[in-house]
1. Considering only the stretch 1-94, give the helices (runs of 4 or more DSSP H) lying wholly within it that have at least 2 residues that are open to solvent by 50 Å² or more (accessible area, probe 1.4 Å) and charged (D, E, K, R).
2. Mind checking which residues of the stretch 192-236 are within 24 Å of GLN163 (Cβ to Cβ), touching a Gly at 6+ places or on another chain (Cβ under 8 Å), open to solvent by 10 Å² or more (accessible area, probe 1.4 Å) and not aliphatic (A, V, I, L, M)?
3. Give all pairs with beta carbons closer than 8 Å in which a residue from the stretch 170-181 that is closer than 14 Å to ALA115 by Cβ and at pLDDT 95 or above meets a residue that is away from the ligand (no atom under 14 Å from the Cβ) and of a type in the set (D, E, K, R); count only pairs at least 6 apart in sequence or on separate chains.
4. Report, by residue number, each residue of the stretch 146-205 that is away from the ligand (no atom under 15 Å from the Cβ), in contact with a strand residue (DSSP E or B) (Cβ under 9 Å, 6 or more places away or on another chain) and not aliphatic (A, V, I, L, M).
5. Report yes if ALA286 is modelled with pLDDT of 95 or more, touching a helix residue (DSSP H, G or I) at 6+ places or on another chain (Cβ under 7 Å), within 13 Å of the ligand (Cβ to nearest atom) and closer than 21 Å to ARG49 by Cα, otherwise no.
6. Could you please give the count of residues in the stretch 344-366 that are more than 25 Å from SER303 (Cβ to Cβ) and in contact with a Ser or Thr (Cβ under 8 Å, 6 or more places away or on another chain)?
7. If you go through the stretch 238-267 one residue at a time, how many are part of a helix (DSSP H, G or I) and open to solvent by 10 Å² or more (accessible area, probe 1.4 Å)?
8. Among the candidates VAL246, VAL225, single out the residue that is touching a Ser or Thr at 6+ places or on another chain (Cβ under 9 Å) and of a type in the set (Val, Ile, Thr).
Amino acid sequence: MTTALCWDDRFGTHDMGRGGLYLPADGLVEDGVHVDNPARITRTRNLLRGAGLDEVLRIVRPRAATPDELLLVHSPEHVERMAAVSAAGGGDAGGGYTPMDATSYELALLSAGSALTALELVMGGEASNAHAMLRRAGHHAWRESGYGFCIFNNCAVAARAAQAAWGLGRVAIVDIDAHHGNGSEWIFAGDPSVLTVSIHQDRSFPSDSGFVEHVGEGDGLGTNVNVNLPAGTGDPGYLYAMDRIVVPILHEFAPELVIVACGVDASLFDPLSRLGLTAAGFAHVAARLLAVADDVCEGRLVSVQEGGYSHVYAPFCWLAIVETLARVPERTEDPYEMFIAGQPCCRELGPWQRETIDDQARGHAAYWPL
Ligand code: ZN
């Protein structure tokens, strides 16, 4: 069976307007191209094609989600407000950092639908795993609001659909975006049937969430796992956190489906994080998640695109992930490898990194056999 890639050209045309990093372009911020602009995804699509993956992948045009499907996760008021903002020509989805124009609502429906299409291909046995390459991202959106460039929580919609349509008892969402998956955490905080794991840069965005001691609530105590990584962690530290905390917890939880919130803004060249992963590092992360899926749920893995803002390097990180999911025998060379060999991201695990991650593992040991 093949790996599916869900893609629609409209994801490469959606305009988030003007801005500077997170901020709208007004006041003291000089007018510039918004950091979430089409280049990052069109370059990725072109790189995948250029690397020959169109011969390997099953390319599928996704369907749009229906507003009713969003109600599995979001309140009717939020869905209606998002439709109204676009109908009025644009505005903000929540928090002041989430610009919308007249097309954003439709694109957000298509993004959630892309995650659902990937899910349907995997659960229907038409693909062994799938990557939904989309804009708008979703992991910051919670039940009542959009936030941080996100309008609807695509991963959460897919998780709930997996339960509603296929009757799955346990689903895991593993969020490798550099920023805390706060929306997913809040949606599933009290639900033990959905394990939410977020591996992110400590206090990056949002700066007041994503702490180790936030382990869920009520019946969901223990099934929210935050892994905080300090700036400069790099590949060795990240992979140690995967092996020490994330992979053992996934094995113990034994999900019937692994959903990956697949941001690559933890990359070395990303303007919105300082985690310093390389494309090779992302390939190792993907390989570990794929191995867990192989072990516990017959390889069922749905990857849903999130952030990743280096227009040059993010495409190579996503390429490395998709090549790993597709189990290609030889990955495409990273043309930047010669320039990054001496960076902290490529060095060995430092004692302070081991100590930091071991300390967090002890924090999770109350709920998991770590
Ligand atoms: Zn992010």
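1. Details: elements: 39-50, 67-70, 76-87.
Counting at least 2 such residues, we get 39-50, 76-87.
2. Residues satisfying the conditions are PRO192, SER193, GLY216, GLU217, GLY218, ASP219, THR223.
3. Here the result reads VAL171/GLU256, each pair linking the stretch 170-181 to a residue that is away from the ligand (no atom under 14 Å from the Cβ) and of a type in the set (D, E, K, R).
4. Across the stretch 146-205, the qualifying residues are ARG160, GLN163, TRP166, ARG170, TRP186, PHE188, SER193, THR196.
5. Working: modelled with pLDDT of 95 or more: yes; touching a helix residue (DSSP H, G or I) at 6+ places or on another chain (Cβ under 7 Å): yes; within 13 Å of the ligand (Cβ to nearest atom): no; closer than 21 Å to ARG49 by Cα: yes.
For ALA286, the condition - modelled with pLDDT of 95 or more, touching a helix residue (DSSP H, G or I) at 6+ places or on another chain (Cβ under 7 Å), within 13 Å of the ligand (Cβ to nearest atom) and closer than 21 Å to ARG49 by Cα - is not met.
6. Keep residues of the stretch 344-366 that are more than 25 Å from SER303 (Cβ to Cβ), which gives 344, 347-356, 358-359, 361-363, 365-366.
Adding the requirement that they be in contact with a Ser or Thr (Cβ under 8 Å, 6 or more places away or on another chain) leaves 353.
Residues meeting the conditions: 1.
7. Here is the first cut: in the stretch 238-267, the ones part of a helix (DSSP H, G or I) are 238-253.
The next check asks that each one be open to solvent by 10 Å² or more (accessible area, probe 1.4 Å); those that pass are 239-240, 243-244, 247-248, 251-253.
Residues in the stretch 238-267 being part of a helix (DSSP H, G or I) and open to solvent by 10 Å² or more (accessible area, probe 1.4 Å): 9 in total.
8. Working: VAL246 fails: touching a Ser or Thr at 6+ places or on another chain (Cβ under 9 Å).
One residue alone meets the criteria, VAL225.
The values are calculated or read from the model by the stated rules, or taken from the named source; none is laboratory data. Source: prediction; values computed, not measured. Note: ideal-geometry Cβ built from the backbone for every residue, glycine included; neighbour counts use all protein chains shown. These area figures cover heavy atoms from the full protein model, side chains too; ligands, DNA and RNA do not enter into them. Shrake-Rupley method; radii C 1.70, N 1.55, O 1.52, S 1.80 Å.
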